[in-house]
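Participant: Sending over a structure as structure tokens; questions will come in a sec.
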Amino acid sequence: LPIAPPAPSQPHPRTSGAIVVDMRNQVAQELCAFEPRDGCGYCRRALGAEVRIECAECTPRLLLCVDCLRAGVSIHTRGHTPAHKYRVIDVGSDALLEIGWRGTDELRLLEGVQLYGFGNWMDIAEHVGGGRSREAVERHYRRCYLESPHFPTPHFEGLEGGGAAEGEGGAADGR
């Protein structure tokens, strides 16, 4: 039988379940910049954090999901044809708060804190993945979330150095 991780001795006063969910939602909103108009222009599916395709020729902006692009959809009311040029927008691959931490890593970090509880850094680090140590994950969380001047919202203005560039583990491939 798997052994449950020990509960942290004392929860951090600035980390409650509701605050973690709020922070996760804020990061997801910043990462996706999602509004209803940012769904697929053909099937209307919300694109969330998944890769989206932007038509480089249609104005106003036209986004497509990968499935609709693959199907070669035409949108006659917009003048869109499959022969148009496209841009791929991968919203989860860019650094969001700190160099070496992709947007998808931030979401997995907050999801890990919510699942395993504040202080269970080994489990959270495994959940985030990328070979990050428990120390690197805890340091990133404290610096970008708990010590944010806008707590409980992380600080989104500009990237702070760190991450793999300072040897904190993981993301050494420049993700």
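Participant: With N residues in the range 43-153, what two-decimal value do you get for its Cα radius of gyration over 2.2 N^0.38 Å?
Facilitator: Values: Rg = 18.8 Å, N = 111, 2.2 N^0.38 = 13.2 Å.
For the range 43-153, the normalised Cα radius of gyration comes out at 1.43.
Participant: At Val51 and Ala83, where each label point lies 7 Å from the Cα along Cα→Cβ, what is the point-to-point distance in nanometres?
Facilitator: If labels sit at Val51 and Ala83, their model points lie 2.5 nm apart.
Participant: Using a 1.4 Å probe on the protein chains only, how many percent of the accessible area of the range 58-136 belongs to carbon and sulfur? Present the calculation step by step, with values, prior to reporting the outcome.
Facilitator: Values: 2050 of 3860 Å².
Carbon-and-sulfur percentage of accessible area, whole number: 53.
Participant: While we're looking at this one, here's another question. Please give me, ordered by residue number, the trypsin sites (Lys or Arg not before Pro) of the range 67-114 that lie in loop per DSSP and have at most 14 other Cβ atoms within 10 Å. Walk me through the numbers before you get to the answer.
Facilitator: On the way: sites: Arg70, Arg78, Lys85, Arg87, Arg102, Arg108; in loops: Arg78, Lys85.
Answer in residue order: Arg78, Lys85.
The values are calculated or read from the model by the stated rules, or taken from the named source; none is laboratory data. This structure is a prediction, so every number in the text was calculated from the model and none was measured. Please note: Cβ atoms are built from the backbone with ideal geometry, for glycine as well, and neighbour counts cover all protein chains shown. Accessible surface is based on the protein model in full, side chains and every heavy atom, while ligands, DNA and RNA are left aside. Shrake-Rupley method; radii C 1.70, N 1.55, O 1.52, S 1.80 Å.
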